[in-house]
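Working notes for the structure below.
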Amino acid sequence: MGELAIRFVAGGALVALFAVMGDIFTPKSFAGLFAAAPSVALATMLLTLHQHGSAYVSTEARSMMVGAVAFTAYTSTVAWVLHRGRRRPTPVAVAALVLWGAVAAAGWALFVRPL
Amino acid sequence: MKIKLDASPLRESSWSGHLLRFAIGGLVTVAVGLFTKMTSPKAGGLLLAIPSIVPLGIALLARLQNKKAGPHSRGDRARHAAIIEATGASMGTLGLLAFAVVAWQLLARTRAWIALPAATLAWAAVAAGAWYVRKSRGSASG
């Protein structure tokens, strides 16, 4: 239970910190970089290192490459869909999470699982 | 275009928005930890690049922009801001890929206190570099 609480606080603090950095930078296209900051990754890796060591975290980082490619597909699709039509941003951003899952799952099946 | 620091948006943002980001960030980090424990580091690693905070960030941005907009530009202003946010985030994801590559390579070869700061620097350098290239080609707005 204590470990989960530490994960919650560390992850929440890093996400909130990068979000505040995104709030204070201009131009806003630059501030958008912080929406894809490695906040969850850093919190998870720092806490996992103590328990499992570098080799374990290195394996996580290798799989993270596939997640990052899926993240690129996600944000590019959100921008493209909003650019093409008069759609409301929030439903588009939520619905496109399915695409992230699909690309990550395909990457898992093709590249990560066989390793 | 110059990159500047401007703290005034912090006065416009609400505490509930910051608390929501904290709570979602914390919950996602816990969920990633539990999922990795139940499966493997190979499977859990995928979730280290989950766009957990983007939908909430876009929702908060759209709400703020709709509040600022006049009656004739309500939806348009929010959508335009969301496009800029998502386009910027796309550049950030290239940095995230660099973060993963550097962390994967260096964690296997050197100490973690060198590997993780180096990976974070790689994220910042690649994300900012991608943003600059896109901006200098004139294809990004904002």
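Every number in this text was worked out from the coordinates using simple rules, so none of it is lab data. Computed from a predicted model, the values in this text were never measured in an experiment. Counting neighbours? That spans all protein chains shown, and the Cβs are built from the backbone with ideal geometry, glycine included.
Is there a residue being under 23 Å from A:VAL94 (Cβ atoms), at the interface with chain A (Cβ under 7 Å from one of its Cβ atoms) and among the acidic types (Asp, Glu) anywhere in the range B:69-86? Yes, because at least one residue in the range B:69-86 is under 23 Å from A:VAL94 (Cβ atoms), at the interface with chain A (Cβ under 7 Å from one of its Cβ atoms) and among the acidic types (Asp, Glu). Only one entry in A:SER63, A:SER76 is under 15 Å from the mean Cα position of the chain (by Cα), part of a helix (DSSP H, G or I) and crowded, with 24+ Cβ neighbours inside 10 Å, namely A:SER63.
Residues in the range A:79-95 that are over 11 Å from B:GLY75 (Cβ atoms) and not in a helix (DSSP H, G or I): 1 in all.
Residues in the range B:8-23 that are facing chain A (nearest Cβ under 7 Å) and of a type outside the set (Lys, Arg): B:PRO9, B:LEU10, B:SER13, B:HIS18, B:PHE22, B:ALA23.
Scanning the range A:19-33 for residues that are more than 7 Å from chain B (Cβ to nearest Cβ) and either within 12 Å of B:VAL54 (Cα to Cα) or surrounded by 22 or more Cβ atoms within 10 Å (Cβ to Cβ) (or both) yields one hit, A:GLY22.
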